[in-house]
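Taken together, the values in this text are just the output of simple stated rules run on the coordinates, not laboratory data. Here the structure is a predicted model, which means the values were calculated and not measured. All Cβ positions, even for glycine, are placed from backbone atoms using ideal geometry, and neighbour counts span all protein chains on display.
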Amino acid sequence: MADTPIRLLIAASGTGGHLFPALALAQQLPEYQIEWLGVPNRVEQAVIPQHYPLHTISVEGFQKPLGLNTVRVFGRLVGSIRQVQRLIQTRQFDALFTTGGYIAGPAIIAARLQGLPVILHESNAIPGKVTRWLSPFCDQVALGFDAASKYLPKAQTVTVGTPVRADFYKPQPLDLPIPDDVPLIVVVGGSQGAVSVNQLVRQCAKSWFEMGAWIVHLTGEKDPEASTLEHPHYIGLPFYNNMAALLQRANLAISRAGAGSLTELAITGTPAILIPYPYAAEDHQSFNAASFAQKGAALVFPQSELSPELLESKVSYLLKSPEILQQMAEKAASLAVTDSAEQLATLMRQLVEKK
Ligand SMILES: CC(=O)N[C@H]1[C@@H](OP(=O)(O)OP(=O)(O)OC[C@H]2O[C@@H](n3ccc(=O)[nH]c3=O)[C@H](O)[C@@H]2O)O[C@H](CO)[C@@H](O)[C@@H]1O
């Protein structure tokens, strides 16, 4: 195996939270030949082909209550496993890396049937269903949060944090017209935006503008009112690619509590108000956010308890208290695992060498 490059299949799909940690690992394995497995019509179609060949299969999750639909989904799962097996045979992959989610089901099963080593990375404090079911079949399960290990008693777990893209480790220029000396609030609702958070922010923004603050608001693509707020200090965008530059510049973030977002806030040392997505599976975003709240790196509010008045006053208070923002920034930075991608790359190389 020494002379031919290792061929790695990465199965990561659906959301930025699944894609970006896998991309961060891929950046650490320049000597590998990497191809990607995703599904049609999801974010990977826009992000991956410029980096790696993208193969797609159709997968879907099992919905409750179980019934006829389950039979159909099961049939489709068997079909997708066969598709991935054929892909592994024809493209001669040596190993599989996945970040969980629906795509991980057929990918892990097919890889095991073909005798490939598998590493699964689970970034959330409460692992998803596929991770729980299939982690015993993976050679190594790498965790973003230590707390997740108690849900995976039969898995070979190791906590490595969650990898972020390489640009987060260097100061990045911000290509947005924001003066250097103004307080900047960044609003981000995960990779898809958060309409409820957007509505809250639009109701509060006026008083923050009056305090001199600027707002960069990443609204997502699905907010029908996204362009209703206009102000010289306001920049609304559906999605922004250079998150590293934006979070490095931000004085405060108002954010959902997806594992990827939290990791990036820690790496950039950005104080935050976190509003966990209330419908995330088993409320995992609240558990993700808990470590930030306990450490004093963020204020966490359940969406149901956060009125516009409360958000308006908390942000105004923080804007008036730079020393508190500074303390929160330091506490956020203390939660950063800066070599997560390197640790994962080392695990991958060790595993492939062993086989
Ligand atoms: C609704 C839901 O279930 N979301 C889940 C999904 O989140 P989702 O994909 O929203 O979440 P994350 O917060 O983990 O990651 C968002 C990623 O998108 C990037 N970004 C975002 C906006 C933007 O304009 N530009 C940009 O690049 C961020 O920099 C970050 O890298 O996967 C995460 C990891 O499994 C989970 O923790 C989340 O709970």
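The percentage of C-alpha pairs in the stretch 97-187 whose separation is greater than 19 Å is 50%. Which of the pairs K154/K354; K129/K355; K129/K354; K154/K331 have their Cα atoms more than 26 Å apart in this structure? K129/K355; K129/K354; K154/K331, as the Cα separations exceed 26 Å there. A protection proxy built from the mean count of other Cβ atoms within 10 Å ranks the segments 43-49, 216-222, most packed first, as 216-222, 43-49. The per residue volume of the convex hull around the alpha-carbon atoms of the stretch 168-334 is 106 Å³.
From helices alone, the chain scores -12500 deg cm²/dmol at 222 nm; the rule is -39500 (n - 2.57) for each run of n ≥ 4 DSSP H residues, then divide by the residue total. The protection proxy used here, the mean number of other Cβ atoms lying within 10 Å of each residue, ranks peptides 162-169, 173-180, 228-235 as follows, highest first: 162-169, 228-235, 173-180. Need one number: the % of Cα-Cα pairs in the chain sitting beyond the 31 Å mark. Result: 35 percent of Cα pairs exceed 31 Å. For the stretch 307-355, how big is the tail of P(r) above 17 Å, as a whole percent of Cα pairs? Everything past 17 Å amounts to 62 percent. Neighbour counts of other Cβ atoms within 10 Å put S321, S316 in the fewest-to-most order S321, S316.
Ranked by the mean number of other Cβ atoms within 10 Å of their residues, highest first, the peptides 95-106, 18-29, 274-285, 140-151 come out as 95-106, 18-29, 140-151, 274-285. Other residues with beta-carbon under 15 Å from the beta-carbon of Q89 carry, at +1 per Lys or Arg and -1 per Asp or Glu, a net charge of +3.
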